[in-house]
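What follows draws every value from the coordinates through simple rules; no lab data is involved. For clarity, every value in this text was computed on a predicted model and none was experimentally measured. Glycine gets a Cβ as well: all are built from the backbone with ideal geometry, and neighbour counts include every protein chain shown.
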Amino acid sequence: MKCYTIAGYECAFAPTFNRVAVHSASLDIDGKLTAEPLTDDETIPKTYFNFLPYSQLSTKILKNQQLTDYIGKVEDLERAEVQKSNSVLRMKVTAPGCKPVTVALWKEIHSPLDLSLITDVDDDVIVAFTALKVVPQPNGLQLQSSGGTRVIINPQIPIAQEMAESFRASRMGTPVSKITIRSVTPVERISEDEISTIGHLYQQDIQALQINYLQRVHTVEATLTEFTEGRGWFFVNCTACRCRIYEKDGGYSCDKHKQQYLTYW
């Protein structure tokens with residue numbers, strides 16, 4: 001990674017549709033910009049963090065797909081096979097005085113990680129994450145990796161060291177339990193001849209369905225009648241080029257066609 005001194009740029013208001021943590025301004029880069037590499041950049045941090053506290057995570061739920069950074073102590077590790085060639089690693093992390101939150105890392109993010117730095121140590125492990133999506137789940141919020149997510153185990157930054165000291169003090173000498181990686185059996189898929197109806201599901205024991213939802217997926221034939229705001233299973237799509245579009249000037253505009261569309265896929 002190289003660091004540069006840049007000049008000749010212009011400042012502008014940060015666009016709201018970018019999938020990044022919120023900043024008050026952005027830089028317009030054009031042909032007038034110059035970039036000179038620094039000869040001595042060893043003292044410059046290689047990663048910038050913009051951590052969001054747990055209490056503010058809900059403000060990022062599907063809000064123009066804005067991403068956030070998070071940091072916490074690893075409490076649990078779980079690996080699940082979701083497809084033949086894909087898997088997800090779920091890390092349950094906790095910040096001091098906050099509820100645990102699950103961070104779901106897809107294969108391209110968790111595969112390069114050296115998990116022995118978490119499982120083979122006798123001390124609390126602090127992990128920092130960048131560029132996470134905040135997604136609502138039935139049991140609370142979940143953080144999910146994006147293509148730009150980085151995972152740094154025990155980062156050498158002040159907030160991580162303060163967090164480790166806080167957890168160490170709260171244990172009052174109690175030994176740390178070693179973390180192991182649990183494996184989850186893939187969800188059983190129902191055959192086509194077991195297709196249900198929504199009416200049939202309504203007649204079932206709701207508590208039993210909630211308990212067994214990890215072991216079984218119900219296939220339902222239905223007609224869409226309404227969309228619920230704040231859910232992650234649809235996105236706004238341009239009907240002409242099918243590219244994803246984002247909220248702009250009070251509506252959804254496709255930069256390519258200069259028209260407003262509102263189509264859910």
A 27 angstrom limit on the alpha carbon distance is what I want to check against. Which of Lys2/Lys32; Lys2/Lys60; Lys99/Lys178; Lys2/Lys73; Lys32/Lys133; Lys60/Lys107 exceed it?
Lys2/Lys60; Lys2/Lys73; Lys32/Lys133
Which whole-Hz ³J(HN,Hα) couplings does region 94-109 yield from phi under the Karplus relation 6.51 cos²θ - 1.76 cosθ + 1.60, θ = phi - 60°, glycine and proline marked x?
9, 9, x, x, 10, 6, x, 9, 8, 10, 9, 10, 6, 4, 5, 8
When a footprinting reagent is the concern and you count Cβ atoms within 10 Å, what order do Met163, Met91 take, fewest first?
Met163, Met91
Can you tell me the dipole magnitude for region 54-184 around its Cα centre, using point charges on the Cβ only (Lys, Arg +1; Asp, Glu -1), in Debye to the nearest 20?
500
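How do Phe129, Phe51, Phe13 line up, fewest other C-beta atoms within 10 Å first?
Values: Phe129 24, Phe51 17, Phe13 9.
Ascending Cβ contact count within 10 Å gives the list Phe13, Phe51, Phe129.
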What ranking of Ile29, Ile61, Ile245 emerges when the number of other C-beta atoms within 10 Å of each C-beta is taken as an exposure proxy, fewest first?
Ile29, Ile61, Ile245
